[in-house]
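Written out below as structure tokens is the structure these notes cover.
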Amino acid sequence: MSGLVKVIVLTGNGTNCEMETAHACELAGADHVDIVHYSEIIYGDKRLDDYNFLNFPGGFLDGDDLGSAKACAHRFRYVKIHNTNELFFDQLIRFIQDGKLVMGVCNGFQLMAKLGLLPFNGGSTKQAVTLTFNKKNRFEDRWVHLNANPKSPCIFTKGIDTSFLPIRHGEGKFVTSEKILKQIEEDNLIALRYATPDGKTTEEYPYNPNGSINSIAGICAPSGRLFGLMPHPEAYTHYTNHPFWSNLSLSEEGQGVIFFRNAVQFIKNNF
């Protein structure tokens, strides 16, 4: 018997892609999807424990003051649930330890990095990577070609070879230390890389729109259950989302849905 897929999409404080994310989860076959404001968790009206797929959507958390998602990461680590001694972060870590799935897109990826949830090697939540100002020092709004890593344990990218998705961010340059970079390369935690239209991984602008080291567009945890990426799969769920849809013969379903369907199928098979 397959398990019920219960999705929570967190919103608030500058998030603005929650509806598209919820829609993508529904298209992917989730049984129940709730858009939940952060305050509902903090005041105890909702609990992460009641779900098995957590989405941190894109947006501009707290106006990206102090750096993208930095203020929100601090809040999540240290704010207590109302009338309890439990931190929001306690619920989040328990959620992960229970084998559930977490996906962060754009601002959500930045948040996961600053919470120390990626790469999460050895279960450490010490921040080891970040997303910082684009190399060109400007906001980038364009579509990008991506290569998926077939050796990655990432649940979300299974069966994906290449993808074409939109990006829109001012702070998407992935950086880390040489030591951490070597580790994530050796462990195949790089799930997605920026590529040229003919499929070659590249550092060249604009195909690598932000100057990320090693063309990194998305990484996962060793378990494959935690995943963050800068491109927006929830923004390409129907062929009419494609910038050249009127001139091309495309499948009705957009390429972004498969990321969510992989998550849904994993939960159905494992819960």
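The values are calculated or read from the model by the stated rules, or taken from the named source; none is laboratory data. In this text, all values refer to a predicted model and were calculated from it rather than measured experimentally. Please note: Cβ atoms are built from the backbone with ideal geometry, for glycine as well, and neighbour counts cover all protein chains shown.
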Of F109, F120, the only residue that is at pLDDT below 95, closer than 28 Å to Q255 by Cα and crowded, with 18+ Cβ neighbours inside 10 Å is F120
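List the strands (runs of 3 or more DSSP E) that sit entirely inside segment 128-230 and contain at least 3 residues that are modelled with pLDDT of 95 or more and within 23 Å of F244 (Cβ to Cβ). Spell out the reasoning first.
On the way: elements: 129-132, 140-148, 162-169, 173-176, 190-195, 216-220, 226-229.
Correct list: 140-148, 162-169, 190-195.
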Which pairs turn up if I take residues in segment 57-79 that are over 24 Å from V33 (Cα atoms) and look for partners that are assigned to a loop (DSSP other than H, G, I, E, B) and polar (S, T, N, Q) with beta carbon separation below 7 Å, at least 6 apart in sequence or on another chain? D62/N13
Subset of segment 90-114 [closer than 12 Å to L226 by Cα, under 14 Å from the mean Cα position of the chain (by Cα) and not β-branched (V, I, T)]: L101, M103, G104, G108, F109, M112, A113
With the first residue restricted to segment 155-176 and required to be free of Cβ contacts under 8 Å to residues at least 24 places away in the same chain and over 22 Å from V129 (Cβ atoms), and the second required to be of a type in the set (A, V, I, L, M, F, W, C) and assigned to a strand (DSSP E or B), Cβ contacts under 8 Å at 6 or more apart or on different chains are D161/A148
Mind checking which residues of segment 15-38 are acidic (D, E) and either closer than 13 Å to F56 by Cβ or assigned to a loop (DSSP other than H, G, I, E, B) (or both)? E18, D31
Which of the numbered conditions does I216 fail, given that it passes all the others? Conditions: (1) surrounded by fewer than 24 Cβ atoms within 10 Å (Cβ to Cβ); (2) under 18 Å from C106 (Cα atoms). (1)
